[in-house]
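The values are calculated or read from the model by the stated rules, or taken from the named source; none is laboratory data. Note that the structure is predicted; figures quoted are calculated from it, not measured. Cβ coordinates were reconstructed from backbone atoms using ideal geometry, including for glycine residues, and neighbour counts include every protein chain displayed. SASA here: full protein model, heavy atoms, side chains in, ligands and nucleic acids out. Shrake-Rupley method; radii C 1.70, N 1.55, O 1.52, S 1.80 Å.
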Number of protein chains: 2
Amino acid sequence: NIGFSCICSEVRGRCWSVDPLLSSSYLLQDSRGRPKEIPHNEKLLSLKYESLDYDNIENQLPAEGAPCLRWVVCGLIGFLTGLVACCIDIVVEEMAGLKYKVIKENIVKSTEAGGLSISLILWAVLNCAFVMVGAIMVACFEPIAGGSGIPQIKCYLNGVKIPRVVRLKTLVVKVLGVMCSVVGGLAVGKEGPMIHSGAVIAAGVSQGRSTSLKRDFKMFEYFRRDTEKRDFVSAGAAAGVSAAFGAPVGGVLFSLEEGASFWNQMLTWRIFFASMISTFTLNFFLSIYHHKPGDLSNPGLINFGRFESGFLGALFNVLNYWLTIFRIRYVHRPFLQVIEAMLVAAVTVAVSFTMIYFSTDCQPLGPEHSEEYPLQLFCADGEYNSMAKIFFNTPERSVRSLFHSQPGTYNPLTLGLFTLTYFLLACWTYGLSVSAGVFIPSLLIGAAWGRLCGILLASITSSGSIWADPGKYALIGAAAQLGGIVRMTLSLTVIMVEATGNVTYGLPIMLVLMTAKIVGDYFQEGLYDIHIKLQSVPFLHWEAPGTSHWLTAREVMSSPVTCLNRIEKVGTIVDILSDTSTNHNGFPVVVKPAKLCGLILRSQLIVLLKHKVFVELARSRLNQRKLQLKDFRDAYPRFPPIQSIHVSQDERECMMDLTEFMNPTPYTVPLDTSLPRVFKLFRALGLRHLVVADDENRVSVCLCYDDLARYHLGKHGLEELHLAQT
Amino acid sequence: NIGFSCICSEVRGRCWSVDPLLSSSYLLQDSRGRPKEIPHNEKLLSLKYESLDYDNIENQLPAEGAPCLRWVVCGLIGFLTGLVACCIDIVVEEMAGLKYKVIKENIVKSTEAGGLSISLILWAVLNCAFVMVGAIMVACFEPIAGGSGIPQIKCYLNGVKIPRVVRLKTLVVKVLGVMCSVVGGLAVGKEGPMIHSGAVIAAGVSQGRSTSLKRDFKMFEYFRRDTEKRDFVSAGAAAGVSAAFGAPVGGVLFSLEEGASFWNQMLTWRIFFASMISTFTLNFFLSIYHHKPGDLSNPGLINFGRFESGFLGALFNVLNYWLTIFRIRYVHRPFLQVIEAMLVAAVTVAVSFTMIYFSTDCQPLGPEHSEEYPLQLFCADGEYNSMAKIFFNTPERSVRSLFHSQPGTYNPLTLGLFTLTYFLLACWTYGLSVSAGVFIPSLLIGAAWGRLCGILLASITSSGSIWADPGKYALIGAAAQLGGIVRMTLSLTVIMVEATGNVTYGLPIMLVLMTAKIVGDYFQEGLYDIHIKLQSVPFLHWEAPGTSHWLTAREVMSSPVTCLNRIEKVGTIVDILSDTSTNHNGFPVVVKPAKLCGLILRSQLIVLLKHKVFVELARSRLNQRKLQLKDFRDAYPRFPPIQSIHVSQDERECMMDLTEFMNPTPYTVPLDTSLPRVFKLFRALGLRHLVVADDENRVSVCLCYDDLARYHLGKHGLEELHLAQT
């Protein structure tokens, strides 16, 4: 069932082919007969992902409009996202508090009476239990809810339909899962999952129905189209960022950076609206819950940070890359995945405990007892174990403590050991079958080594200078580490600036992020891009690959074009749709001889077949209801497969008139158009299909999204990926 | 010379025509023979504005690249913009300080000795002198430097080439002019001009040469194209906003909101870079100059403001609209313009003085003497005149005082009178031939009536509640007033949030701005749009007019298409280019019979003619240097007019081969494409020309930018504007 063939095209004297070693590696894999393990190879492009159609369908059916409703929906999205964020926050806070209280009491008791190993076991069991619940939910019920969800949302905004990614069930598993993983003490954050949650909420609310609940609320029916749904998902993702970081502008920029092709002012404005509502809702409810809105606001000073962090980020990504390949190959059964998650939880506890146990870094308790769960352990009275302050806490609190604690709170050895162990733990954790984000662990690692650098620098230079505040270095380090791992530059700067609430840090943060990106890109791609590639998702980047200008539309097409006549036999249509070897989604409509007159989509044909809109039947049943736009909308987004539609032998002989339903003016380009030009058209207009016509306006090729995503710039110049059905 | 004809097209049973009253009004105008006064009519579209070509020219000439240089240029733009902003700030500060000191001493002396009229005259003379200098510069040397410059930059980013708008001379006049107007005490701000200045700096730096200075630095030659230049101007405008308000993100959003068509990630990132550098440079130098960075930071509280402000904004716009029409008709000689500016300056002084003189609102001096120039006048010792605190100060300081002063600093009568008079003064001032912005006056008016509302509300509700701080109301009022006047919603929210440094105000500000926009749009367009319309600039809005979907490309074209053969006679080309009645800028290239094979631009043809790239000559002179991309760049942007190129009678018989230079794959659409679809293509790809081809790929129509800008939604449905050569 793997339908790829090794095409080594000789075009204008240049040959591009895949690395022979890698080819053999997945051919080997294939011969074992485990198709599920194929996608680990990044030279493949999976055909199981469909693309979204962002182009408006224009045909002769009457259009409808609903201008004001969009604002209402965006407001709702923002409100619900804020509410969900608030729930996660409160539940995590309460449960983690309870957990740490129980363990602390036990430790205090054991420190005096002996038997600290009991405490260790208690801690490990509690954590493993939480992680197990989270892992079981993800592994058994909804695997797509694992991880941070940001790669999936990136793909969705890019125009790739990932199955099940915006379902209600995914949301539930995601939210419960992230609570379990954070409370379970894994090296994870809850910010990434918030972005995914916002996107799911947006998709659900805007469609006004849920397949999981089998309910159709008959609301917002107008929005049941790819175009509208993607717009709302952008708003939802922005609202998620906004709720996660209190950064509404950063949310808007995240959505735009990842998804927007054509800058649409009204859309951007609605996205911003959703973001604002979201962050406001969260603030409102949290300030009811506890009367101290915890924001990262520290007063101004400009410094320029340091620039080595891109390397650490790249190292993280390289390690995680190999780990992910290992996981895709060997850890693909739910049972194994749950076991691995529990193992990580146990190791995390063991490492933390060992570090705390052997640490001799004692600090005096602050006068206002600002520490959350101070562990005295073997320290003198009135002191606490400094290592426990970072390990024995939720990651958010640890980050805040690293940013804001007074100089001298941590000694360099503590920070160094912490950085090393947490780096390895976080790297191992990301990609587990639990719902988990990578933002907070990255920030934590970066903050730790940033603070470490700050302390070392302060010990070299004269003390007491304004350059000596290690909190500032922690901030810059955190930005650098996060930037090195995820490589979002524009939106990340804005998010960090908004989160610190101080624009004076903007320039240093931006410079650090840019350097981290440049250094990191030299070694390895960003973490999200790695995971997208490992899933073999056809993903269109912002620009066509640099060396592709000598490639023309004529050469890009992957398979011969399949055209339909304007009045076509039903049998022919059914056969074409059933042909699994091509699996096209759009078909140029032609009049004899091969003259282009329109474009029709698979989904439209399916609906037409389902309603049996045949010329002969229309004549016999004069009072038959005409097909409306609504009929297409109701079938969205899960159009039935062609196999489920029964067409009798008699009906196969009928004719279908496509004139009324096809798009009569599809975008076309001439045969000699260069790849960058085609690319620009696809990106700017969000196209899914592009018809290539010759001088006589005859259809030559129909390019689809996958055809463009196949080309990418590898180490040996332009490379072409193989298409696989998995 | 006015080549418009009244087209009343009967298309699909609908007729759109212009208002008969208005038609007669400009026909009357025309019969007087003063073509300069024509453009006051908003039903006209001027042909003197050309559009920018944002599409990359693809032809057979070898391309070049310069990836890293763009970052350097953006950094330079940010740095220089910040420096200019800093200069303006310091000069205004120093000179205004000197002026107010002199006048204050005089008033103090006169209050005791009598003869306050002498003070009035001194004040008036000083102000008039400054304003006169500013007005003379603008009116006599560079009229385009008048006003805030934002409408012009909006047009430029939209893709319209406004003559002389990004010249060095414009920059000098703008900067000196704005210093004069602000020091001259007019009701103007220096923020709008900063945006224009940033754009000019960007255009100048990126081109690496100056026509005003007649210097070519041989730098950045690669950027001498419309595409690149427009990108840099976006960055410059963003840097200007960033320097003016300390709002780098707001600057990016301003550029995107006004200009971006295709969301380009790298470009956005560079724009952000320029913004950051700009605000940092400004901060850096200003903090050297005086050690108190004056930022509008006041602590958090959320309120929902009030919603009547859109009306006031619309009133401002309506008044200014009539005033501008009056000015275009009657005040078009430089002499009159200078006189008017001085008159306004004198009236401003007179009104201010009268208000201060008759005010009886005395307030005790603060303990720390925080007032800048307190006037005691007839108040008791230890007190100062409260009216003088707002009138006898630079507008920026007055705004800050309204936001931050303690409750009770101003009494309601003072604020009411101030709002009324300042509203009328600001309205009269905007549109004078001086370099001046409308941001600060709008903020000031809004802050005054916002504070007034706050005081009234506080007197109704119980005192001492958190709702009683009039500073918050001043902020919301200022946002509302500014939003009502300029109608920028997204970027303005971000700018206000960044300027206040507090995201908690974000939601109320956004809601207020949205309401102001909705209410204001009901009465009248935004101020900038009014001025763009009054200049008859062909401006493409974000979306095609709502009712235009029944219009197809076939019907939109304004004039018959002019095609060139691939190998064309030089005489024919010269004749076509010299034909002033059509004045096309792009020509489809065809092979017999009318089959489209490419597109060539007027500018390219001019360069070809200038270098005499004729087939016959190439044969005779074998060693002739081949034409490079550089030759086209060197001629940019001021291609010589066709009249200046001498072509002998012999040469007219030569042939030109366009194959190598034309774009072989221009974007095309079928004849029946709807207007919204064509519109989307123009906007998303930044096109200047679009070829419309029939079923046989024969050229039927060549649409240009103006053809699309002609349609707009008026009160009577879709309206078509007339084209005029002025």
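Structural remarks
- Peptides B:105-113, A:445-453, A:95-103 ranked from most to least packed by the mean count of surrounding Cβ atoms within 10 Å: A:445-453, A:95-103, B:105-113.
- For residue A:651, label point 7 Å along C-beta direction: distances to other copies, nm: 7.2
- Per-residue extension of 0.36 nm, minus the Cα-Cα distance of residue A:645 and residue A:105, leaves a gain of 187.9 nm for this segment.
- The candidates A:91, A:133, arranged from most to least accessible area with a 1.4 Å probe in the full protein assembly, appear as A:133, A:91.
- Accessible surface buried upon A-B contact (total; probe 1.4 Å; Å², nearest 100): 5700 Å²
- Per-pair calculated FRET efficiency, R0 = 25 Å: residue A:118 and residue A:326 via Cβ, rounded to 0.05: 0.15
- Counted charge near residue A:415, where neighbours are those whose Cβ lies closer than 12 Å (Asp, Glu -1; Lys, Arg +1): +1
- The label-point distance for residue B:168 and residue A:696, in a model that sets each label 7 Å from Cα toward Cβ, rounds to 5.9 nm.
- Amide proton proximity set for residue A:655, modelled H, under 5 Å, gap of 5+: A:570, A:615, A:616
- Take residue A:412, move 7 Å from Cα toward the beta carbon, and the resulting point lies 6.6 nm from the same point in each other copy, nearest first.
- When each of A:229/A:610; A:214/A:630; B:101/B:174 is checked by Cα-Cα distance, pairs over 22 Å: A:229/A:610; B:101/B:174
- FRET efficiency for residue B:95 and residue B:209, using Cβ-Cβ distance with R0 set to 30 Å, rounded to 0.05: 0.35
- Taking label positions 7 Å along the Cα-Cβ direction at both residue A:219 and residue A:343, the computed distance is 4.6 nm, reported to one decimal.
- Counting only other chain Cβ atoms within 10 Å of each residue's Cβ, the peptide A:664-675 averages 5.
- Cβ-derived FRET efficiency at R0 56 Å, residue B:69 paired with residue A:360, nearest 0.05: 0.55
- Solvent-accessible surface (1.4 Å probe) assigned to residue A:657 amounts to roughly 70 Å².
- Site pair residue B:521 and residue B:288 shows an inter-label distance of 4.6 nm when each label is modelled 7 Å from Cα along Cα→Cβ.
- Averaging 1/r across all pairs of distinct Cα atoms in the range A:115-254 and inverting the result yields a Kirkwood radius of 16.0 Å.
- Shortest first, residue B:287 label-point distances to identical copies amount to 2.9 nm, with the label point at 7 Å from Cα along Cα→Cβ.
- Averaged over residues, the count of other Cβ atoms within 10 Å places the peptides B:429-442, B:387-400 in the sequence B:429-442, B:387-400, highest first.
- Note on residue B:541 and residue B:562: the extension gain reaches 4.8 nm, defined as 0.36 nm multiplied by sequence separation minus the Cα-Cα distance.
- Test item: B:408-416 mean partner chain Cβ contacts at 10 Å: 0
- For the range A:89-203, size of Cβ-based charge dipole, Lys and Arg +1, Asp and Glu -1, in debye: 420 debye
- Each Lys and Arg adds +1 at its Cβ and each Asp and Glu adds -1 at its Cβ; summed about the Cα centre, the range B:67-115 shows a dipole of about 100 debye.
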